[in-house]
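Got a structure here, written out as structure tokens. Questions coming.
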């Protein structure tokens, strides 16, 4: 994977994480915004379908291989919600603060606070690649009502890691990238691409 790759995302938090993880590997990664690629539609009910649509969209508009991620938080008590709607859980315009407020409110009536972050990555060599490379990762935790920590983005201040005794927002970038669903999925993806 020494060729230039377009990352099919405009999410600044994700972009930062991808660059931190991939830069040491010598990957020539470029955000789709560098090519004026608008966000792809994400009409699907599954993470994999949305990631594939985003990767094909970026590859079509740039002519480059593309890497796309679709990820979110899944809560057992809410039957997997917010799931693929994680970024838009509280509606438009997107807001981490409103999403977190809605999730905390929706969980108030439940004792079960178990949740997991899920990430799926899709790499396509071209828009019509018949064999996209797919990898995923899961990060188990629990949700807490009161936010803790200043790092990360999205639901990180509410995502508690019992084994570490802190939220994701309290981890260093290096710790998060090593442990996270996205970091796990990237390691699997690059093993598959070797």
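Quick note: the coordinates plus some simple rules give every number you see, no bench work behind them. Quantities reported herein were computed from a predicted structural model and do not represent experimental measurements. Positions of Cβ are backbone-derived with ideal geometry, glycine not excepted, and every protein chain shown enters the neighbour counts.
At 0.36 nm per residue, and after removing the present C-alpha to C-alpha distance, how many nm does the segment from residue 20 to residue 178 gain when stretched out fully?
Gain in length upon complete extension: 55.8 nm.
Could you work out how far helix 96-107 tilts from the main Cα principal axis of the chain, as a 0 to 90 degree angle to the nearest 10?
Between the helix axis and the principal axis of the chain, the angle is about 50 degrees.
Using only the alpha-carbon atoms of the stretch 60-152, report the extent along each of the three principal axes, biggest first, to the nearest angstrom.
Principal extents (Cα only, largest first): 47, 26, 25 Å.
Which residues among the stretch 89-116 fall inside the zone where the amide N is under 16 Å from a point 7 Å beyond the Cα of residue 148, along Cα→Cβ?
113-115
Helix 12-22 versus the longest principal axis of the chain: what angle, 0 to 90°, nearest 10, using Cα atoms?
60 degrees
Two-decimal Rg/Rh of the stretch 17-56 from alpha-carbon positions, Kirkwood Rh?
Values: Rg = 12.6 Å, Rh = 11.9 Å.
The Rg/Rh ratio comes out at 1.06.
Which percent of the Cα-Cα distances in the chain go past 26 Å? Let's see the in-between values first.
On the way: 5655 of 18721 pairs.
Counting pairs separated by more than 26 Å, the tail of P(r) holds 30 percent.
If you count, for each residue, the other Cβ atoms within 10 Å and average over each peptide, how do 77-86, 53-62 line up from highest to lowest?
The densest-packed peptide leads the list: 53-62, 77-86.
I would also like to ask the following. Hey, rough spin-label estimate for residue 127 and residue 114, points 7 angstrom out along Cα→Cβ, what's it come to in nanometres?
4.4 nm
Any idea what angle helix 47-62 forms with the longest principal axis of the chain, computed on alpha-carbon atoms, 0 to 90 degrees, nearest 10?
Approximately 40 degrees, to the nearest 10.
Quick one: compute a quarter of the convex hull surface over the Cα atoms of the stretch 36-113 and quote it in nm².
Dividing the Cα hull surface by four gives the mean projection, 5.8 nm².
Can you put 3, 187 in order, fewest other beta carbons within 10 Å first?
3, 187
Mind ranking 167-180, 25-38 by how tightly packed they are, going by the mean number of other C-beta atoms within 10 angstrom, highest first?
Packing order, densest peptide first, comes out as 167-180, 25-38.
If I model a spin label at residue 97 and residue 166 as a point 7 Å from the Cα along the Cα→Cβ vector, what separation in nanometres do I get?
Reported label-point gap for residue 97 and residue 166 is 2.5 nm.
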